[in-house]
Each structure stands twice: as structure tokens, then as C-alpha cells.
Amino acid sequence: MDVRTTERLRRLPPFLFMETRRRIREARAKGIDVISLGVGDPEGVTPPHVLDVLRRAADDPSHRKYPAGESRGLPEFRAAVAAWYGRRFGVHLDSDTEVCALIGSKEGNHHVALGLLDPGDVALVPDPAYPVYTASAVLAGARVVRVPLRPERGYRLDPAEIPAADARAARLLWLNYPNNPTGAVATREFYREIVGFAHRNDIVVINDNPYSELCFGGYRAPSILDVDGAKDVAVEFGSLSKTYNMAGWRIGMAAGNRQVIDAIVTVKENTDTGVFTAVQRAAVAALDGPQDVVDATVAAYARRRDRAVAALRDAGYAVDPPQATFYVWMPVPVGLTSMDFANRLLETAGVVVIPGVGYGDRGEGFVRLSLAVPDELLDEALARIAKAGDLSPSARG
Ligand SMILES: *Cc1c(COP(=O)(O)O)cnc(C)c1O
């Protein structure tokens, strides 16, 4: 039988990281020794006290049942998230109505689309952006309108660039600061402007914020919820994946507008039934406990960022040091597309980077390098990039 898939699936852009994994396999099969600066999957240690709680929780038979506290999440987890928002941002949240647990921020992005977008509705997605926003909107049957992020504005979305008809029609706007892939950051002033725009146009804003804790040099990422009126229009997604090196555990949170939270919870109730309770207990330990592992993780990324920026500049690449995230957004030499550059770097240097075009048309001209690799591998990759002299901007003029 020839299985017919849905229009939705056929409309999905190819998932970038699957394509990257395929290229890595091919190169390895050809005998190339590959170092991947591709996927942003943290390799650091999960805090030991968090592992201890998970181990003990796994032994507790009460955790073998469906997740306690319904799909919304364990009351203790929601309270820990609310307390964390209070400590970290000075934002007050009602943990009963304004917080829910997520199976990672990725799940939240998908389920909020299913909860808020009808077929044909308009969703505003920045360009470039993490591909999951477009994919989630497409799976919900929505129409995606891309909004350019421009380097000269620090990659902060300008609502004035959204055509009035699209602004009126739009139901949802995705934002993501600190930003993957560009490393750009937001200010509270910027969030104020966005919240005003959302109010005027009746648009729900999703701020996907999994990098809020990976900030360098005294910079602290703000929360969109720390703006007057934000809870009328906005929800923020957080994640333990990047902060606590827990990507495989699948836990994150949504916070903000209660109707949006309810919509997400309703979808979850009918699809996944929530997060493994033992993982939620461990997440409480992560949020409430000592943050020294986070400090060490951030210090490691800051060190790698400095090394990468110095080495790439020496090799002729005009890179800016990001203030947050573990990505470096690097312009490719004139005359090469991001895909050409990424392919040639893989063939000549055995280094994998992600072509910017995978994040949208506006990502063309750049590649993304991930710093979520051990120091030695990063240094080796940087040395190889420097040696791939015929690719470098100075050699190409
Ligand atoms: C890594 C990443 C996620 C995924 O986070 P999970 O909580 O692991 O699902 C979501 N959004 C962005 C922008 C990311 O880079």
C-alpha cells in the first residue's frame, strides 16, 4: 500500500537537524573525521542533587502512575516555577492558573499552536527563527507570515514591518530572546513595544525563552512577563534542558496568560497526560537548589565564546560575541551561500555548522556554530576552520 500522508506533513519544511545528521553520516562513511558544531544539545553535567532526586523518585511506586496533579503539572513543580519567576524576574505568578509543566519548550510551541490556531489563521514567525515555530503552525494548518529580523536592529523584531492586514489577521506571534540562532537579546523596552502592539491587534505573544539563564558578562535576560499588561497577551516558555543540562529529560514550563495556559493544558490532557512525576520532582530540586552547576555551565560557554570569537576573527570572519545563548552567528564569505559554505567546511575541514538558510531566507549569508561541545573539540574545530584557508573571507577578498 502506498500510504498517503497529510497535506500538513507535506507542507513541513525539511527538519534541519535530521538533514544535518544525514550529512554527518555521509561524511563519516567517506572516512572524514567529523566534529559537529551543529546541534545545540548541551554536553555538560546535570547537577548531582537533581540526579539523586530522580533516582529516589524512580524507586517510589507512587511515581509509576500517570502524572499526578493532572496534565497541568505537579502543584509542587508549578509552585517552584512561580517562586523562581519571583526570585529571578520579580514577576508574580499564580501557580494554580498561570503556570503549567511542559515536556520541554518544544512541546509547548506545538501544543499552543494546536490550542490557538485554526486552519487558515495567520501566525507571525520571525525570520530567521528556530524552525519549530513554523512547523508547529503548519501542523495546526495555519498560514505562516515571516517577519524579518535585521542585524542593524540587533535582530529585534520591528512590529512596523508587519503589514497591517497581517497584523489584524494574526492570532499568534512567536518571539525567542535570547535568540537561537543569532544570539541576539531583548530589552524590557523592546518587550514593552511588542506587548503594546499585541494589545492593539489582539495577538497572543509566545516568548520562547529557554536560554534565559545562559547570559554572559553581567547581562541578565529579561522576561516578557516583567512588562505592564504582558499577562493579558503573553505566555513565556522556559526549559530545564539548556540551563541544567537536562535536554533528554524533557521538562520545561509555560507561564503567563491563563487562557493560553488553559488551552495548552486542554491539548495536553487529550494527548500526553503530562510529564513523568519523578522528572517533575527532580526539576523542583533543580529550580530550588544550588545554582553552582548553572554558574559553571555559563562560565564554560563564556570561555568557549571568547575562544571562538578570537579564533574566527583571526581567520578573517567578522563575528560579534553573543551576550547570551551558546551560539555564534557567523557571516559566510562573500560569493558563497550558507549551504555551499557549510558543505565545503564539512568536506575540507570535517566541521559541521548549520547553514543559516535553514532558519529562514533571512538567515542566508550566515552559519550557526554551537558552543555546546567540549573545549578540546571546539579548539580542534576552530583550528580546522582557520586552516581551511581557501574558504576564509581574507582569501576570497
Ligand atoms: C533548544 C530549544 C528549544 C527546546 O527546548 P526543550 O525544552 O528541550 O524542548 C526550544 N526553543 C528553542 C529556541 C531552542 O533553541
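So what is the relative contact order of region 280-340, in percent, for Cα pairs below 8 Å that sit 6 or more residues apart? The partial results should precede the final answer.
Values: 28 pairs, mean separation 12.5, N = 61.
Value for region 280-340: 20 percent.
In percent, how large is the relative contact order of the chain, given Cα pairs closer than 8 Å and 6 or more residues apart?
Relative contact order here is 23 percent.
How large a share of the accessible area of the chain, in percent, is made up of carbon and sulfur atoms when the probe is 1.4 Å and the other protein chains stay in place?
Carbon and sulfur together cover 52 percent of it.
Check each of the trypsin sites (Lys or Arg not before Pro) in region 4-76 and keep only those in coil by DSSP with at most 13 other C-beta atoms within 10 angstrom; list them in order.
The qualifying sites are ARG4, LYS30, LYS65.
Using a probe radius of 1.4 Å on heavy atoms only, what accessible surface per residue do you get for region 153-305? Whole Å² is fine.
That works out to 34 Å² per residue.
Inverting the mean 1/r over all pairs of different Cα atoms, compute the Kirkwood radius of region 214-334 and quote it in Å.
17.2
Once the Cα atoms of helix 277-288 and of the chain are each reduced to a long axis, what angle between those two axes, in degrees from 0 to 90 to the nearest 10, is obtained?
For 277-288 against the chain, the angle is about 70 degrees.
For the Cα atoms of the chain, what angle does the longest principal axis make with the long axis of helix 188-201, in degrees from 0 to 90, nearest 10?
Between helix and principal axis, roughly 60 degrees.
Based on the Kirkwood radius over alpha-carbon pairs, what value in µm²/s does the Stokes-Einstein equation return for the translational diffusion coefficient of region 10-102 at 10 °C and 1.306 mPa s?
So the translational diffusion coefficient is about 89 µm²/s.
If you take every DSSP beta bridge fully contained in region 184-316, what fraction is antiparallel? Give it as a percent rounded to 5.
Around 55 percent antiparallel, to the nearest 5.
Go through region 118-134 residue by residue and turn each phi into a ³J(HN,Hα) via Karplus (6.51, -1.76, 1.60, θ = phi - 60°); whole Hz please, and just put x for glycine and proline.
8, x, x, 5, 8, 10, 9, 10, x, 9, x, 7, 3, x, 5, 5, 4
I'd like the distance separating the alpha-carbon centroids of region 201-218 and region 29-73, in whole Å.
Here the answer is 23 Å between Cα centres.
Non-local amide H neighbours of ARG143 (under 5 Å, H modeled in plane, Pro and chain starts lacking H): which ones?
HN-HN under 5 Å from ARG143: GLY120, ASP121, VAL122, ALA123.
For ILE354, list long-range residues whose amide hydrogen, built 1.01 Å from N in the peptide plane, is under 5 Å from its own amide hydrogen.
ARG368
Collect residues whose amide H, placed 1.01 Å from N in the peptide plane, falls under 5 Å from the amide H of LEU214; neighbours closer than 5 in sequence don't count.
Those lying under 5 Å, H to H, from LEU214 are THR325.
Determine the calculated [θ] at 222 nm for the chain from helices alone, applying -39500 (n - 2.57) to every DSSP H run no shorter than 4 residues and normalising by the residue count; nearest 500 deg cm²/dmol.
On the way: 16 runs with 170 residues, N = 397.
Per the formula, -13000 deg cm²/dmol.
May I ask you to evaluate 6.51 cos²θ - 1.76 cosθ + 1.60, the Karplus curve with θ = phi - 60°, for each residue of region 305-320 and list the ³J(HN,Hα) values in order in whole Hz, giving x for glycine and proline?
Once θ is set to phi - 60°, the couplings for region 305-320 become 4, 4, 5, 5, 5, 4, 5, 5, 5, 4, 7, x, 8, 8, 9, 9 Hz.
Residue by residue through region 234-244, which ³J(HN,Hα) values in whole Hz follow from phi under the Karplus form 6.51 cos²θ - 1.76 cosθ + 1.60 (θ = phi - 60°), with glycine and proline marked x?
10, 10, 10, 9, x, 8, 8, 4, 8, 5, 10
Which longest uninterrupted range of the chain lacks any chymotrypsin sites (Phe, Trp or Tyr not before Pro) assigned by DSSP to a loop state (not H, G, I, E or B) and surrounded by at most 14 other Cβ atoms within 10 Å?
Numbers: sites that count: PHE15, TYR219.
Here the longest segment lacking exposed loop sites spans 16-218.
ASN270 to ASP375: FRET efficiency via 1/(1 + (r/R0)^6), r the Cβ-Cβ distance, R0 45 Å, to the nearest 0.05?
The calculated FRET efficiency here is 0.50.
The values are calculated or read from the model by the stated rules, or taken from the named source; none is laboratory data. Keep in mind that this is a model prediction, so the values were computed, not measured. Counting neighbours? That spans all protein chains shown, and the Cβs are built from the backbone with ideal geometry, glycine included. With ligands, DNA and RNA removed, areas are computed over all heavy atoms of the protein, side chains included. Shrake-Rupley method; radii C 1.70, N 1.55, O 1.52, S 1.80 Å.
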